[in-house]
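Here's the structure, in structure tokens; my notes come after.
The values are calculated or read from the model by the stated rules, or taken from the named source; none is laboratory data. Please read these numbers as outputs of a predicted model, since none were measured by experiment. Every residue, glycine among them, receives a Cβ derived from its backbone with ideal geometry; neighbour counts consider all protein chains shown. What goes into the accessible areas is simple: the full protein's heavy atoms, side chains included, and nothing from ligands, DNA or RNA. Shrake-Rupley method; radii C 1.70, N 1.55, O 1.52, S 1.80 Å.
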Amino acid sequence: MAILSEIQIRELKNSLGNSGLPYRENQDLSVHCSFKIGGTSPIIVEPETQEQILETLSVFKKLDLPWKILGGGTNILISDHPDDFVILKLSGGFKEYKDMGEGLFQVGAATNTTPIFRQISQKGYTGAEFLSTIPGWTGGAVIQNAGCYGGELFDLIQEVEFLRNGEVLKRKPSEIEHGYRFTEFLKRKDSIILSILIKLKPGNLEEIESSLKEKRDKRNSSQPQNKKSAGSMFKNPKVFDEQGKEIKAWQFIDRVGLRGLQIGGAQISPEHCNFIVNTGGAKASDVYGLVNTVQEKVEKETGVLLQREVEYFGSIP
């Protein structure tokens with residue numbers, strides 16, 4: 001896509017101003033993601049209501065502007081030059097959740113999963129403890145069907161509320177294509193997650209606190225700490241050894257000798273080689289080089305093609 005022109009940006013700012021839509025200019029996207037990688041976006045629009053989302057999309061359509069939605073930025077690699085599209089990022093009421101009673105919770109798409117699901121669990125409901133260890137926003141967790149420690153978000157969801165083709169829709173999990181680290185929202189880029197309704201069971205608060213601590217400690221001991229990354233780079237390939245034990249993605253990477261490999265400021269983590277970390281000043285192109293190296297070498301030496309779990313946001317490299 002072509003770089004947005006000064007005329008396009010000026011027209012967009014005028015339309016946003018006339019509509020009273022909140023926006024920010026020339027935003028460094030590296031501060032909007034856990035990788036701390038990304039170039040400068042010309043415009044980020046931050047609607048606070050469904051009506052403002054629809055108005056924003058109407059403006060984008062009228063001006064024929066390409067756009068992308070950005071959430072918590074924890075499972076993405078952002079382009080070094082995101083200047084050929086504008087960004088929509090939910091705010092306002094989408095950052096809240098509601099206790100509906102009897103274990104039902106409506107959770108906004110822009111809520112931060114780690115504190116929100118810890119708070120919900122500490123109300124005495126069990127089943128969502130694993131989500132307190134997954135950073136990011138709830139909307140992104142829905143799109144990826146986030147999970148760990150034997151649980152995944154769609155195990156809990158009663159209903160997903162989303163916007164598609166100008167219409168607010170509500171769908172049950174059985175009506176949404178989903179699976180391991182996958183939903184139809186990954187394939188279809190025409191939807192905006194608004195909220196989810198989840199159902200949890202009452203539990204023993206002491207046992208819930210113990211479960212929260214156990215999962216937090218397990219994650220802290222098995223993943224690079226205080227390092228800038230986007231989480232697990234590759235999906236586990238569902239390959240098993242002769243004893244029927246699953247071979248994880250990191251084991252394939254380690255087996256072909258890539259632990260610690262570095263390109264520019266990006267490195268395959270020596271601590272957990274399914275993580276690529278930003279050691280300082282990494283570019284998206286550096287990460288891209290490591291991803292390609294891993295995929296090519298693992299496939300050449302083992303016959304297994306590892307699939308990315310991290311999504312590319314904009315043109316990479």
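A compact table of results
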read-out	value
FRET efficiency, 1/(1 + (r/R0)^6) with R0 30 Å, evaluated for Y180 and E207 via beta carbons	0.60
Cross-link reach list, lysines versus K218, counting only Cα pairs under 23 Å and skipping chain neighbours closer than eight places	K123, K227, K228, K235, K238, K245, K248
Within the accessible area of the chain (1.4 Å probe), percent carbon and sulfur	45
Positive-end residue, the chain charge dipole about Cα centroid, Cβ charges, pick of G108, S195, N220	N220
The chain, accessible area per residue, ligands and nucleic acids excluded (1.4 Å, Å²)	47
Rounded D (µm²/s) - the chain, Kirkwood Rh over Cα pairs, Stokes-Einstein at 4 °C, 1.567 mPa s	62
Length-normalised contact order of region 148-268 in % [C-alpha pairs under 8 Å, at least 6 apart]	17
Point-charge dipole on Cβ atoms (K/R +1, D/E -1) for the chain, about Cα centre, debye to 20	320
